[in-house]
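The values are calculated or read from the model by the stated rules, or taken from the named source; none is laboratory data. Please read these numbers as outputs of a predicted model, since none were measured by experiment. Cβ atoms come from the backbone with ideal geometry, glycine included; neighbour counts cover every protein chain shown.
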Amino acid sequence: MDFVPKLNESSLAKVLVAAPEYLIRRGIVSLLQELVPIAQFLEAANGTTAVSLAFEQPHPNLCLLDSSLANVNCLEVIKTIKGAGFQTEFLILASSPAENVSHLLIAEGALGYILKTDSVEVFLRAVECVSRHECFLTESVASVLFKDIKREEPTQESLLTGREMQALKLLAKGFTNKEIAYNLNISVRTVETHRSSLMRKLDVHSITALLLYSHKNRMIDL
C-alpha cells in the first residue's frame, strides 16, 4: 500500500459498514482493521440493521454506507441518525454519482461521496478526511453535484452580512473555526454563530452543502 492515511484512532473508535454485499463489507473491514486495529467494526446488510446498530451506545464515529441499501434507504439512514443528534459522520459508496440522489445525501449531512470503482487510495483519503469532519468528493462526483443542485435564482449574497461572507470564504479555504476567529479578530463563538446563520439563510443543513451551494452560485471558489 503506497498511500498510508493519517487516521486518528479516537475518531474511528467505532465504525459501521453498511452494504448489501458480504464481500464488500468484509473487504472494507479487513482493510481498515489493518490501519486501526483497536477500532470496533459493525456490519449491516440493509438500512434497517444499520439504523438499529447506530443506536447502540457508544454510537459509531463513522458510517460507511452503500448507496444501494435496501429496506431503509441510504437517505433515510442518514436522516434518522442525524435526527437523533449522534455525532456520526457519513461516507457514501456508490456505483455512480447519480443525479437527484447524490446531492440529497450531501444536503442531509454526508461528508463524503465516492464511487466503488475508485482506487483504494481514494477510499483511504476519503476515510481520512471524513473522520476529521472534512468533506471529500472526487472530481466526477463534484461535477454532477454542481449540475444537480437546482434552486430558485436567489438574491442570496444580498442576504449575507459582510462578516458572514468573509467567514464563508475562509470556510471554503478549509480554515477551522479557531483559524477564522483569529483572521477576523472575533471569538470562536461568533464564528459558530456566523456558520449557523449562513446555513439558515441559504437553507442548507451541512457545511459540505453550504460550500457546494455557494460555489454553484459563484459566491466562492473551491
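Beta carbons closer than 9 Å, at least 6 apart along the sequence or on distinct chains, pair a first residue in segment 120-145 that is on the phi > 0 side of the Ramachandran plot with a second that is of a type in the set (D, E, K, R) and modelled with pLDDT of 90 or more for His133/Glu89. Scanning segment 88-109 for residues that are modelled with pLDDT of 90 or more and either in contact with a helix residue (DSSP H, G or I) (Cβ under 7 Å, 6 or more places away or on another chain) or in a loop (DSSP other than H, G, I, E, B) (or both) yields Thr88, Glu89, Phe90, Leu91, Ile92. Among the residues in segment 15-33, are any part of a strand (DSSP E or B), over 20 Å from Glu134 (Cα atoms) and assigned by TED's automatic domain parsing to the domain that holds Ser131? For segment 15-33, residues part of a strand (DSSP E or B), over 20 Å from Glu134 (Cα atoms) and assigned by TED's automatic domain parsing to the domain that holds Ser131: present.
Candidates in segment 141-194 are the residues that are out of contact with any helix residue (DSSP H, G or I) (no Cβ under 8 Å at 6 or more places or on another chain), charged (D, E, K, R) and assigned to a loop (DSSP other than H, G, I, E, B); of these, the one that is modelled with the lowest pLDDT is Glu152.
Each row is one residue, and each column tells you yes or no for (1) assigned by TED's automatic domain parsing to the domain that holds His205; (2) aliphatic (A, V, I, L, M); (3) closer than 26 Å to Glu9 by Cα.
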| residue | (1), (2), (3) |
| --- | --- |
| Thr49 | no, no, yes |
| Ser95 | no, no, no |
| Val120 | no, yes, yes |
| Ser131 | no, no, yes |
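Beta carbons closer than 6 Å, at least 6 apart along the sequence or on distinct chains, never pair a first residue in segment 16-39 that is under 17 Å from Leu93 (Cβ atoms) with a second that is exposed (fewer than 14 other Cβ atoms within 10 Å of the Cβ).
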